[in-house]
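The values are calculated or read from the model by the stated rules, or taken from the named source; none is laboratory data. Source: prediction; values computed, not measured. Note: ideal-geometry Cβ built from the backbone for every residue, glycine included; neighbour counts use all protein chains shown. In case anyone asks, the SASA skips ligands and DNA or RNA and just uses the protein heavy atoms, side chains included. Shrake-Rupley method; radii C 1.70, N 1.55, O 1.52, S 1.80 Å.
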Amino acid sequence: MTPEKGSAERSAPGSYPFAEIEERWKRRWDELGIFRLDLSSPKPKYYCLDMFPYPSGDLHVGHGRNYIIGDVLVRTKIMDGWNVLSPMGWDAFGLPAENAAIERRIHPAEWTTSNIVKMKRQFHAWGIGFDWSREVASCHPGYYRWTQWLFLKLFERGLAYRGVAPVNWCPSCATVLANEQVVGEGDCERCGTRVVLKELEQWFFRITSYADSLLADLDLLGEWPEKVRIMQRNWIGRSEGAEIEFETEGRAESLTVFTTRIDTLFGATYAVIAPEHPLASWIIGRPGVDAGLVEFIRRLRGTRPERGAADVVKEGRDSGIKVRNPANGEWIPLFVANYVLMEYGTGAIMAVPAHDARDHEFAQSQGLPIRRVIANPSGDPALPYEDAGPMVNSGRFDGLSGDAAKAAVLKELAAGNLARPMVRTRLRDWLISRQRYWGAPIPIIYCGDCGAVPVPESDLPVRLPLDVDFRPKGDSPLARSESFVKAVCPKCGRPARRETDTMDTFVDSSWYFLRYLTPRDETRAFDTETVNHWLPVDQYVGGVEHAILHLLYARFITKALYDMGLVSFREPFQRLFAQGMITKGGVKMSKSKGNVVPPDTLIRRFGADTMRVYTLFIGPSEKDAEWEDRGVEGAHRFLNRVWRFVETYAAKLPPPGTAPRVESAEERVLRRKTHDTIRRARQDAAHFHFNTTVAALMELVNAISDFVADGAREITPRNAAGTVLREALETLTLLLAPIAPHIAEEIWARLGHRAEETVFRTAWPKADEAAMETDTYTLVVQVSGKVRAQIPMRVGATTEEVEHAALSDERVQRHLPDGRARNIFHVKGRLVNIVA
RNA sequence: GCCGGGGUGGCGAAACAGGUAUCCGCGGCAGACUUAAAAUCUGCUGGGCCUCACGGCCCAUGCCGGUUCGAGUCCGGCCCCCGGCACCA
């Protein structure tokens, strides 16, 4: 079969007229403003938030899942009587705009704007309902003005500070890279060149001072996926331990090491410092130092980016210096090695090869002594042994174990000021400087006399100049704009220079959810009172790829604002839903893999409703799912079927509002199915299990099909069958509405509801318990756990009746050797298990 | 290595809270309608076996074991796949 030219662009044969329907109802929603928030509504508030996207230009069906899930929720909540806020905006600053602009020779602003237009058109095509009157774009001066304000607020409280830090530098691209742009063993994501570290003075946000509350308040986030909370907990990486002083040969200053295992102190047979440690500099600066050692340390310092990987071979050299173990007075050698990181703890460790796998590996390769000081309670002599156990070979501490052992050693050393309890976190302060053009300028002016002076709030925004050569050359592009750099010191009025770095785009996205409430307010970033009413966000929906960075930063900023008294809540997002990704051919969809499914052709061929139904039906929303083009056709068939039933029977039904009347068994069965479907839909919605909702709706359609297929039954506006069928079709329509909103609107109208109404001003159905009641059920009879019979039973039958019925069944008797039961278990209303 | 998620028909998957495993859909097979095809509709569709048939039996939720009247579900021990973190002292 050879498809006609362009057949993929046409509607599938036999389709309902979705193109016309979808266009009409989208226009209607815009006219009615059903997604426009009414701040004065008395209904209870519901803030449903999709993570705002980076405007990359085109979305594929994998992105679509996120917004479809959010939209189903929004529409369900609207029908269920909530005052829903559903905003959308653009995380519009960032590197890709610069790169694309360089390639295409257009300005990043232009590229970004045209992408936003494209993506808005896509959202519209999918029928995603947003309150576009609240749209924000982080690259707009009306927005980044307040990002800069946020910086100033943090600066005022000492939460923004300037410090020296090593940053990733790609020599080939001649630019600084973000951590997440360094891949593998330290290569530039774009060109594959090995990055190097450069010491630069940078701006930081002091997120580490919130480490404890960021950690503790994870307990408040019971409605977040456990997985995300664990990832955050690990990222913060809090460990309790101690700092210990080791007297250093030839130096007044002692060496401070951090350990969580002070109970193994007697097993320290050497110590190690990172190559970047100040003591290493002192060592190589000494007269007569071994030239090989100097060369070694210098070489290691250049390999920092790839040293993080665990599979790097441990390398180290004896520094020639000895340090003194404060517990036993022993002088042990000090090594410089690549397996100790300057950024963690104090950059120095005591090495206990008997009880640490890394030290063990190193000690073995260097032939260093290994001394057991913790016994393994199981008696296993294998080393390294890293778990708890009683201390041995530790003099007066022998026999103590675990926390008691740690406390005892610490107490004794602390008395001599040789140790102190210490908590360390893996979390580092947030480096927000970027030597990039397309971002929010950091609102700081450098004055020769006054130093770093914040730009006064009244002078915000510090506008990003548009006429800048932003090609990466290694400096900050803004530094090339003389008119931008030239400034006057706000303090003393003398000539000064502007900061030319821009902020990390994660700063932009760490507060946008506050801006949606008053997006055009030119007097403040957000209104405290309004924000306090509307936040925390009731439901946040987004990809798990933001589990750490964005969500941690947003939590941090919220806590900082709380401490400033600007918001009354400690956590920004009450509930989080992280949807799974959609794969094609087993891998994540991406342009570079060439496996994206573009939604536009699908929509032209099958309509947006079909794409929505299939996207939801593909599997549980939180799990990854494989996209199958065939499955789309199945979803389309389902909607066609719904359409045909309404076409066929709409004119034969009683008018809307007619109460259902049951006169026959078949009518009772259909009513029961109708209400059971409502029950299931409500239950599924609570867990975002829309795949089973769609399955339930398909079952209802099958039940309707069975009901009308009975040739003997006529459907008329006057008979009971008509009333029950109307109820089933209306229920189907209302339950379908959040999922396939366009077709639902159309059939709702065709079922006789006024054309100017919208199904979204109609209440989502509630199940009628009475309609679900039955008077008989199928009793499952097991003999010794195996199903042997199904017997129809009257609801409410007594245990005696049930047992009697079961035992008198010949299929049961056949499996009872002596015809008698040794024991009987009865689960009322379900089954009996007869033990032979 | 550590942490998390998962493994059920040919495929996507379902199974509230330990109680009929495989809902729903895809694909396949057969039939109806049609000059024909498409579309649509109907029936069947986990594997093996017995039976002319009605029907019945056995096996099956990654593997091995356990708890239980009863296990996809709970417990112990393994194997494999996916994701995240990764020398964090």
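Scan region A:641-665 for residues that are within 15 Å of RNA strand B (Cβ to nearest atom) and surrounded by 17 or more Cβ atoms within 10 Å (Cβ to Cβ) and report the count.
Step one: list which residues in region A:641-665 are within 15 Å of RNA strand B (Cβ to nearest atom), which gives A:641-649.
From what's left, surrounded by 17 or more Cβ atoms within 10 Å (Cβ to Cβ): A:642-643, A:645-646, A:649.
Of the residues in region A:641-665, 5 are within 15 Å of RNA strand B (Cβ to nearest atom) and surrounded by 17 or more Cβ atoms within 10 Å (Cβ to Cβ).
Only a single criterion out of (1) surrounded by fewer than 18 Cβ atoms within 10 Å (Cβ to Cβ); (2) not in a loop (DSSP other than H, G, I, E, B) is not satisfied by A:K406, namely (1).
Reported count of residues in region A:132-179, each being at positive phi and touching a helix residue (DSSP H, G or I) at 6+ places or on another chain (Cβ under 6 Å), is 0. Between A:R794, A:R750, the distinction of being more than 16 Å from RNA strand B (Cβ to nearest atom) and among the basic types (K, R) belongs to A:R750 only.
Counting only residues that are small (G, A, S) and touching a residue at least 24 places away in the same chain (Cβ under 8 Å), region A:611-656 holds 5 of them.
Here is a yes/no grid of residues against (1) surrounded by fewer than 19 Cβ atoms within 10 Å (Cβ to Cβ); (2) on the phi > 0 side of the Ramachandran plot; (3) within 16 Å of RNA strand B (Cβ to nearest atom):
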site: A:G416; (1), (2), (3): yes, no, no
site: A:R420; (1), (2), (3): yes, no, yes
site: A:L427; (1), (2), (3): no, no, yes
site: A:A440; (1), (2), (3): no, no, no
site: A:G448; (1), (2), (3): yes, no, no
site: A:E457; (1), (2), (3): yes, no, no
site: A:R463; (1), (2), (3): yes, no, no
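Scanning region A:603-628 for residues that are within 9 Å of RNA strand B (Cβ to nearest atom), of a type outside the set (S, T, Y) and assigned to a helix (DSSP H, G or I) returns a single hit, A:F617. If you go through region A:578-601 and keep only what is buried (at least 21 other Cβ atoms within 10 Å of the Cβ) and either in a helix (DSSP H, G or I) or touching a strand residue (DSSP E or B) at 6+ places or on another chain (Cβ under 6 Å) (or both), you end up with A:I582, A:P599.
Take the conditions (1) loosely packed, with under 15 Cβ neighbours inside 10 Å; (2) free of Cβ contacts under 8 Å to residues at least 24 places away in the same chain; (3) more than 13 Å from RNA strand B (Cβ to nearest atom); A:V294 misses just one of them, which is (1). Taking region A:336-349 as the range and being within 12 Å of RNA strand B (Cβ to nearest atom), open to solvent by less than 10 Å² (accessible area, probe 1.4 Å) and outside any loop (DSSP other than H, G, I, E, B) as the test, the residues that pass are A:A337, A:A348.
Filtering region A:514-563 to residues that are closer than 23 Å to A:S209 by Cα and aromatic (F, W, Y) leaves A:Y553, A:F556, A:Y562. Restricted to region A:773-785, and to residues there that are over 30 Å from A:W643 (Cα atoms) and not in a strand (DSSP E or B), the residue that is most open to solvent (accessible area, probe 1.4 Å) is A:D775.
The single condition among (1) in contact (Cβ under 8 Å) with a residue 12 or more places away in the chain; (2) more than 16 Å from RNA strand B (Cβ to nearest atom); (3) open to solvent by 40 Å² or more (accessible area, probe 1.4 Å) that A:P738 does not meet is (3).
Whether any residue in region A:117-133 is over 24 Å from A:P598 (Cβ atoms) and in a strand (DSSP E or B) is what I want to check. Write out each step before concluding.
First pass over region A:117-133, keeping only residues over 24 Å from A:P598 (Cβ atoms): A:131, A:133.
Then keep just the ones that are in a strand (DSSP E or B); that gives none.
There is no residue in region A:117-133 that is over 24 Å from A:P598 (Cβ atoms) and in a strand (DSSP E or B).
What number of residues within region A:797-833 are among the aliphatic types (A, V, I, L, M) and either open to solvent by 100 Å² or more (accessible area, probe 1.4 Å) or within 13 Å of RNA strand B (Cβ to nearest atom) (or both)? Before you say what the answer is, go through the steps one by one.
First, pick out the residues of region A:797-833 that are among the aliphatic types (A, V, I, L, M): A:797, A:802, A:805-807, A:812, A:816, A:821, A:824, A:827, A:831-832.
After this cut, where a residue has to be either open to solvent by 100 Å² or more (accessible area, probe 1.4 Å) or within 13 Å of RNA strand B (Cβ to nearest atom) (or both) as well, the list is A:806, A:812, A:816, A:821, A:824, A:827, A:831-832.
Residues that pass the stated criteria total 8.
Total residues in region A:29-54 satisfying the condition of being within 15 Å of A:R75 (Cα to Cα) and either assigned to a helix (DSSP H, G or I) or of a type in the set (V, I, T) (or both): the figure is 4.
Based on what the data block shows, is A:A685 under 29 Å from A:D624 (Cα atoms), more than 9 Å from RNA strand B (Cβ to nearest atom) and crowded, with 18+ Cβ neighbours inside 10 Å? The answer is yes for A:A685. Checking each residue in region A:657-680 for being under 41 Å from the mean Cα position of the chain (by Cα) and in contact (Cβ under 8 Å) with a residue 60 or more places away in the chain picks out A:R671, A:R672, A:T674, A:H675, A:D676, A:I678, A:R679. Identification of helices (runs of 4 or more DSSP H) wholly contained in region A:657-772 with 1 or more residues that are among the β-branched types (V, I, T) yields A:665-687, A:690-709, A:720-736, A:741-750.
For region A:69-80, the count of residues that are outside the structural domain of A:L616 (by TED's automatic domain parsing), open to solvent by 20 Å² or more (accessible area, probe 1.4 Å), at pLDDT 95 or above and more than 16 Å from RNA strand B (Cβ to nearest atom) is at least one. Do we have any residue at all in region A:208-228 that's away from RNA strand B (no atom under 12 Å from the Cβ), assigned by TED's automatic domain parsing to the domain that holds A:P384 and in contact (Cβ under 8 Å) with a residue 40 or more places away in the chain? Checked against the condition, which is being away from RNA strand B (no atom under 12 Å from the Cβ), assigned by TED's automatic domain parsing to the domain that holds A:P384 and in contact (Cβ under 8 Å) with a residue 40 or more places away in the chain, region A:208-228 yields no hits at all.
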